[in-house]
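The values are calculated or read from the model by the stated rules, or taken from the named source; none is laboratory data. Since this is a predicted model, take the numbers as computed values, not measurements. Every residue, glycine as well, gets a Cβ built from its backbone with ideal geometry; the counts of neighbours run over all protein chains shown. Surface areas here come from the heavy atoms of the whole protein model, side chains and all, with no ligands, DNA or RNA. Shrake-Rupley method; radii C 1.70, N 1.55, O 1.52, S 1.80 Å.
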Protein chains: 2
Amino acid sequence: MTKPLIQIALDQTSLPSALEVARRVENFVDIIEVGTILAFADGMNAVSTLRQLHPDHILVCDMKTTDGGAILARMAYEAGADWMTVSAAAHIATIGACKKVADEFNGEIQIEIYGNWTMEDAKAWVDLGITQAIYHRSRDAELAGVGWTEADIEKMRQLSELGLALSITGGIVPQDIHLFEGIKAKAFIAGRALAGETGQETAEALKTEINRFWG
Amino acid sequence: MTKPLIQIALDQTSLPSALEVARRVENFVDIIEVGTILAFADGMNAVSTLRQLHPDHILVCDMKTTDGGAILARMAYEAGADWMTVSAAAHIATIGACKKVADEFNGEIQIEIYGNWTMEDAKAWVDLGITQAIYHRSRDAELAGVGWTEADIEKMRQLSELGLALSITGGIVPQDIHLFEGIKAKAFIAGRALAGETGQETAEALKTEINRFWG
């Protein structure tokens, strides 16, 4: 199992602010994500600008595509994204249309897991050739002050066993990393934790934990 | 029951193309929608430009918001949208956050019905004070050459009875309008059917049918 990568989620509402953060973190993150907020704020210009300024990073366009998949996918990959996201709530035909465009560009699809999804849905994604999904910590848990639940970890194991490499997000801190040992973790995603003043420290602490459990 | 309105969905991948269509149709549509494709292509600039050029139309921003609701809602309303869309797959807390921002701006929320949603979910939307939802024709039906199914119409009646006014979309043609008699129809949405050369004819035929059934 390859080691999980570190991903910065850029959800600034202005491109200059996002570019500033990207410049600050580029040496300690592997993946730069144009968050949905930034993509709606600035459009595909945000993707193409980050592509040009950070040619060696993996670039994700977080559209959470729900419909019009072929067109949205083409826009994202043409702007320079390597990976784009598709909502778990999209019709399977939409997910398939995105995958088809992804294949044209040698890009990848990540399923954004939201809503009332089932393991049957997940099998359908895998059957389409999709190899990645993004798992968010349960919001109810987060609001109730509860950490990652056993239910979360169990679902993540099952998705992992189906063949999906998971990008994991939701208030990720270095002390949480051990919870995900044995799960096929593609990346850990953070926003403010990496963008802020202690971003480099945080990234290094994450990498220390990653090396312990995916050594 | 007030008469259903006519809405143009702008899903062009460039703003100039969208502006050209909007200019062409403005006299025979009530609502201008910045489609998800246009919103991702050009960002909030698309919303603010259309707001300025069409000050008297209802303006919808079709974000299909799934997360980060408070920030996305604020961006849409600040750019000039009257209504914005939120995915049925969003956590109820996200939907609630969008509604809270909508109230600040005297704007409205429309739930984009996608994925594995239930009538319990719909009741929860209504409990939050949401009064609109967007119903898409079943894609499987459309691909199989089947029109609107009884299952669709039945779900639409139930949503209508719960208190949701439905914007109806999915290859809408004037000959379909009679199917929706008795349903609380907020608007009929079309893209190419209204944007093309016979757009005005189509709008007039839709209005004739609307007047027959919601006279």
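When chain B is treated as a GNM with alpha-carbon contacts under 10 Å, the residue of B:T13, B:T198, B:T85 showing the greatest mean-square fluctuation is B:T198. A simple charge model with +1 on the Cβ of Lys and Arg, -1 on the Cβ of Asp and Glu and nothing else charged puts the dipole of chain A at about 160 debye relative to its Cα centre.
Treating the protein assembly as shown as a set of equal point scatterers at the Cα positions, no solvent, please give the Debye-formula log₁₀ I(q)/I(0) at q = 0.14 Å⁻¹. Once normalised to I(0) and log-transformed, intensities are -1.32. For A:Q132, the residues whose amide H sits under 5 Å from its own are A:I111, A:A165, ignoring neighbours fewer than 5 places away on the same chain, with H placed 1.01 Å from N.
Both radii come from the Cα set of the range A:112-172: Rg as radius of gyration, Rh as Kirkwood radius; their ratio Rg/Rh reads 0.98. Remark on the range A:5-214: ratio of C-alpha radius of gyration to 2.2 N^0.38 Å is 0.97.
Considering protein heavy atoms only and a 1.4 Å probe radius, which residues within the range B:133-171 exhibit an accessible-area decrease of no less than 50 Å² in the full assembly relative to the chain by itself? Residues losing area: B:R139. Shape analysis of the range B:1-72 places it in the oblate category; the axes a ≥ b ≥ c from the Cα gyration tensor give an a/c of at least 1.5, with a/b not above b/c.
Considering only B:L194, B:S167, B:A122, and ranking their Cα positions along the charge dipole of the range B:100-194 that arises from unit charges at the beta-carbon of Lys, Arg, Asp and Glu, the one farthest toward the positive end is B:L194. Return the carbon/sulfur percentage of the accessible area of the range A:5-214, one whole number, probe 1.4 Å, all protein chains in place. Carbon and sulfur together cover 47 percent of it.
The residues of the range A:53-80 occluded by other protein chains by 30 Å² or more of accessible area, set against the chain on its own, are A:K64, A:T66, A:D67, A:I71, A:L72, A:M75; surface from heavy atoms, 1.4 Å probe. For the range B:39-79, the square roots of the Cα gyration tensor eigenvalues, ordered a ≥ b ≥ c, give a/c of at least 1.5 with a/b greater than b/c, which places it in the prolate category. In a reduced charge model with +1 at each Lys and Arg Cβ and -1 at each Asp and Glu Cβ, the protein assembly as shown shows a dipole moment near 60 debye about its Cα centre.
Take the accessible area of A alone and of B alone, subtract that of the pair with a 1.4 Å probe, and the total buried over both chains is about 2600 Å².
Remark: the range A:6-66 carries a charge dipole of roughly 80 debye about the Cα centre, counting +1 on each Lys and Arg Cβ and -1 on each Asp and Glu Cβ.
For chain B, what does the relative contact order come out to in percent, with C-alpha contacts under 8 Å and a separation of six or more? This gives 20 percent for chain B.
The accessible area of B:S160, taken with all protein chains in place and a 1.4 Å probe, comes to roughly 10 Å². For the range B:118-215, the normalised intensity computed at q = 0.11, 0.14, 0.15, 0.17 Å⁻¹ comes to -0.35, -0.55, -0.63, -0.79 (log10 of I(q)/I(0), Debye sum over alpha carbons, equal scatterers, no solvent). When shorter helices are ignored and each DSSP H run of at least 4 residues is given -39500 (n - 2.57), the per-residue value for the protein assembly as shown at 222 nm works out to -13000 deg cm²/dmol. Rolling a 1.4 Å probe over the protein heavy atoms gives the range A:1-139 an accessible area of 37 Å² per residue.
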